[in-house]
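Take a look at the structure set out below.
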Amino acid sequence: MRANCDGGDIALPIWGRAPWGIGIAFARVGNPALIHFENVGLRYGMGPEILRDLTFDIPKRSFQFLTGPSGAGKTTLLRLLFMSLQPTRGLINMFQRDIATIPREELPLLRRRVGIVFQDFRLLDHLTTFENVALPLRVRGKEEATYRRDVLELLNWVGLGDRINVLPAVLSGGEKQRVAIARAIIDQPQLLLADEPTGNVDPPMARRLLRLFMELNRLGTAVVIATHDLSLMDQIDARRMILSQGRLDIYD
Amino acid sequence: MTSLQQKPARPTAEGADEAAEDKRASRPQLQVRAMAPIVPPANVSANALTIVIAIMAFLACLTLGAVSMIQDTAANWQSQISREITIQIKPADGLDMQDALETARETALAIPGARDAQIVGDAATARLLEPWLGDNFDIDQLPVPRLVIVTIDHSDPPDFDAMRAALAQAVPAAYLDDHRTWVDRLVSMARTTVLIGVCVLALVFIATVLTVVFATRGALTGNQHIVEVLHFVGAEARFVASQFQNHFLIIGIKGAIAGGVLAALVFLAANFWTGYAPATPESDQAMALFGAFRIGLSGFFGILAIIAVIGLLTALTTRITVIRTIREIDVVRSDPSRME
């Protein structure tokens with residue numbers, strides 16, 4: 001990643017110490033894309049098509065911004081990428097599987113390979129930072145003893161080592177967003193989706209979060225950041241997917 | 001980049017040691033509190049549901065108690081009555097009553113299965129009639145029907161038809177009453193009552209299930225943000241269900257225990273009342289109809305069984321409701337044609 005961003009003062013980990021980076025193998029040359037959309041269209045109810053003829057790939061280990069004016073369908077596209085919405089037409093391949101043929105009970109298992117971060121964080125208010133970040137592992141039926149150290153290490157990595165036992169109510173916006181990011185990446189997803197992750201934080205914190213996403217990408221996770229924050233996108237030279245009037249243009 | 005591919009040296013020591021040796025990790029507190037439940041108990045409004053379940057359990061226990069009491073009493077009557085049969089000889093012109101009684105007695109005893117036969121003597125008959133005729137009448141002057149009571153072997157009853165035929169031949173004026181009509185009526189009444197009781201029990205259980213369905217749907221709506229987050233971190237419907245199910249299991253068992261204990265107290269009180277109340281006509285009637293209000297060991301097991309059934313029913317209903325609701329939500333949420 002040809003990143004060149006300033007302002008980040010997060011203590012970055014020694015490579016390889018980060019537990020979530022360990023198991024990710026490098027993409028082999030010629031591997032099929034992580035996600036493949038072909039002529040995907042979507043309309044809500046009887047309304048107009050929100051998305052029209054989307055055809056694109058999200059390669060493994062890639063980094064891209066998804067942008068476009070408000071109401072262009074960014075969130076809808078993210079929901080398609082998270083498999084919580086079925087396209088009205090077209091074909092979507094996730095992890096080399098046609099999602100139309102996947103039984104509904106299997107979708108949660110596939111979703112576990114995708115991390116998702118929201119603008120409004122969506123933390124559970126009655127759980128501590130540690131518990132919020134550990135939630136995906138708990139959902140997968142793991143015992144606390146097996147992941148405690150991983151969670152603590154990740155929290156250190158995102159700079160929340162001293163906020164482990166506090167509830168979200170006392171965290172700042174930037175801290176909450178880092179908890180949300182940590183929760184999204186704790187199980188080493190192959191794809192990270194972020195919906196306006198910097199929408200509720202100030203510019204310096206936005207830069208820090210961006211750097212976090214880039215480090216994560218370096219560790220092997222494909223990242224899609226939906227944003228309409230031009231200054232954020234200008235900070236790094238990454239692929240841009242621009243949605244407007246239901247169509248998608250990609251600038252590599 | 002090459003360092004990425006290296007496996008990190010994983011310290012095998014405990015977390016505390018690691019924290020000491022690793023500068024980066026020296027700051028974090030390794031003490032974390034015990035995992036809080038994903039769905040906090042306070043988010044599931046328990047009080048009203050507990051009371052409803054207590055009432056349902058109470059009604060179920062009362063019904064079960066009443067049914068078992070009636071069944072016991074009916075069985076009691078049946079066995080007492082069927083231990084004896086009666087031969088009645090109506091007076092007729094030219095009939096030597098004493099002779100007829102003896103003949104009937106011997107005829108009855110001749111049938112295998114009849115253990116003993118006793119003629120109800122003059123004095124005993126007079127005593128039977130005393131409430132109607134007073135105590136100073138001459139029984140020989142009146143055409144009073146006389147009785148022979150035959151005790152039968154309960155385990156090997158005689159052939160009543162053969163006995164009836166033999167009696168008809170020997171003493172035409174004799175009438176054999178084996179109480180069968182009476183017993184049949186009692187049995188059918190008891191069966192009807194038991195059937196009604198079982199229906200009431202079924203209705204109570206159905207009402208409980210429906211209440212829990214409503215409560216679960218309410219809890220799901222009230223905790224929608226949690227369900228959403230669980231969806232986004234890859235939870236299966238079964239996992240979400242288990243988070244709610246435990247709360248409802250506790251509510252169900254609490255309510256059922258309250259109802260069961262209350263029902264047991266009611267039975268004890270009724271037992272006390274029939275045992276110690278003065279022999280009023282009401283208490284006598286109640287005794288005659290229901291027998292003693294006694295819940296023995298089997299009654300307590302019945303109450304325990306109802307508590308277990310209601311607890312399980314509550315948890316199971318919650319589980320199924322959550323899984324079905326989440327599937328519904330999933331279907332609606334993933335289908336853009338259903339959204340505007």
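So how far, in whole Å, is the C-alpha centre of the range B:243-261 from the one of the range B:172-198?
42 Å
When we measure straight from the Cα of B:LYS90, which aspartates and glutamates land under 20 angstrom away, once same-chain ones fewer than 8 places off are left out?
B:ASP99, B:GLU102, B:GLU106, B:ASP122, B:GLU130, B:ASP138, B:ASP140, B:ASP161, B:ASP177, B:ASP178
If each DSSP helix of 4+ residues adds -39,500 (n - 2.57) and the sum is divided by the residues in chain A, what number results at 222 nm, nearest 500 deg cm²/dmol? The partial results should precede the final answer.
Details: 7 runs with 72 residues, N = 252.
So the calculated ellipticity at 222 nm is -8500 deg cm²/dmol.
Rounded to the nearest 20 debye, what is the charge dipole size of the protein assembly as shown about its Cα centre when +1 sits on each Lys and Arg Cβ and -1 on each Asp and Glu Cβ? It would help to have the intermediate numbers written out before the result.
Values: 57 positive and 61 negative charges, 846 e Å.
The calculation lands at about 4060 debye.
Given a 1.4 Å probe and no ligands, DNA or RNA in the count, how much accessible surface is buried by B and A, both sides, to the nearest 100 Å²?
Numbers: alone 21900 and 12140 Å², together 29340 Å².
Counting protein atoms only, the buried area is about 4700 Å².
Sorted by accessible area with a 1.4 angstrom probe, largest first, how do B:TYR175, A:TYR44 fall? All intermediate terms of the calculation are to be shown ahead of the outcome.
Values: B:TYR175 115, A:TYR44 40 Å².
If we order B:TYR175, A:TYR44 from most to least accessible, we get B:TYR175, A:TYR44.
How high is the relative contact order of the range B:91-172, in percent, counting Cα pairs under 8 Å that sit 6 or more residues apart?
On the way: 81 pairs, mean separation 37.3, N = 82.
Relative contact order comes out at 45 percent.
In whole Hz and in residue order, list the ³J(HN,Hα) couplings for the range A:74-90 that follow from phi through the Karplus curve 6.51 cos²θ - 1.76 cosθ + 1.60, θ = phi - 60°; x for Gly and Pro.
In residue order, the calculated couplings are 5, 5, 4, 5, 5, 5, 5, 5, 8, 6, 9, 9, 8, x, 5, 8, x Hz.
Tally the DSSP beta bridges in the range A:148-252 and give the antiparallel ones as a percent, rounded to 5. Spell out each step's value before the answer.
Working: 5 of 10 bridges.
The antiparallel fraction comes to roughly 50 percent.
Report, for the protein assembly as shown, the % of DSSP beta bridges that are antiparallel, rounded to 5.
On the way: 34 of 51 bridges.
Here the share of antiparallel DSSP bridges comes out near 65 percent.
Any chance you could get the radius of gyration and Dmax over the Cα atoms of the protein assembly as shown, in Å?
41.0, 134
Could you order B:ASP330, A:ASP252, A:ASP162 so the one with the most accessible surface comes first? Probe is 1.4 Å.
Accessible-area ranking of B:ASP330, A:ASP252, A:ASP162, largest first: A:ASP252, A:ASP162, B:ASP330.
Indicate the gyration tensor shape class of the range A:151-252 (rounded, prolate or oblate), computed on the Cα atoms with a ≥ b ≥ c the square roots of the eigenvalues: a/c under 1.5 is rounded; otherwise a/b larger than b/c is prolate and the rest oblate.
Numbers: a/c = 2.20, a/b = 1.67, b/c = 1.32.
Verdict is prolate for the range A:151-252.
Using alpha carbons only, how many angstrom separate the centre of the range A:61-124 from the centre of the range B:300-318?
Taking the Cα centre of each part, the range A:61-124 and the range B:300-318 sit 43 Å apart.
How would B:VAL200, B:VAL67 rank on accessible area, largest to smallest, probe 1.4 Å?
Values: B:VAL200 60, B:VAL67 25 Å².
The ranking, largest first, comes out as B:VAL200, B:VAL67.
For the range B:91-172, what mean projected area does the convex hull of the alpha carbons give, in nm²?
Details: hull surface 23.9 nm².
The number I arrive at for the range B:91-172 is 6.0 nm².
Enumerate the calculated ³J(HN,Hα) couplings along the range A:206-222 in order (Karplus 6.51 cos²θ - 1.76 cosθ + 1.60, θ = phi - 60°), each rounded to whole Hz, writing x wherever the residue is Gly or Pro.
Along the range A:206-222, the couplings run 4, 5, 4, 5, 4, 5, 4, 4, 5, 4, 4, 4, 5, 7, x, 8, 6 Hz.
Please report the spacing between the Cα centers of the range A:132-160 and the range B:71-122 in Å, no decimals.
When both Cα centres are located, 87 Å separates them.
With a 1.4 Å probe and all protein chains left in place, how much accessible area per residue does the range B:91-172 have, in Å²? Write out the running numbers ahead of the final one.
Values: 5130 Å² over 82 residues.
I get 63 Å² per residue for this part.
Could you look at the range B:91-172 and say what percent of its accessible area is carbon and sulfur, using a 1.4 Å probe and all protein chains?
Working: 2570 of 5130 Å².
Its accessible area is 50 percent carbon and sulfur atoms.
Relative contact order for chain A using alpha-carbon pairs under 8 Å, separation at least 6, rounded to a whole percent? Walk me through the numbers before you get to the answer.
Numbers: 444 pairs, mean separation 79.5, N = 252.
Worked out over chain A, it gives 32 percent.
The values are calculated or read from the model by the stated rules, or taken from the named source; none is laboratory data. Everything numeric here is computed off the predicted structure, so don't read it as measured data. Positions of Cβ are generated from backbone atoms using ideal geometry, with glycine treated the same way; all protein chains shown enter the neighbour counts. Side chains included, ligands, DNA and RNA excluded: accessible areas come from the protein's heavy atoms. Shrake-Rupley method; radii C 1.70, N 1.55, O 1.52, S 1.80 Å.
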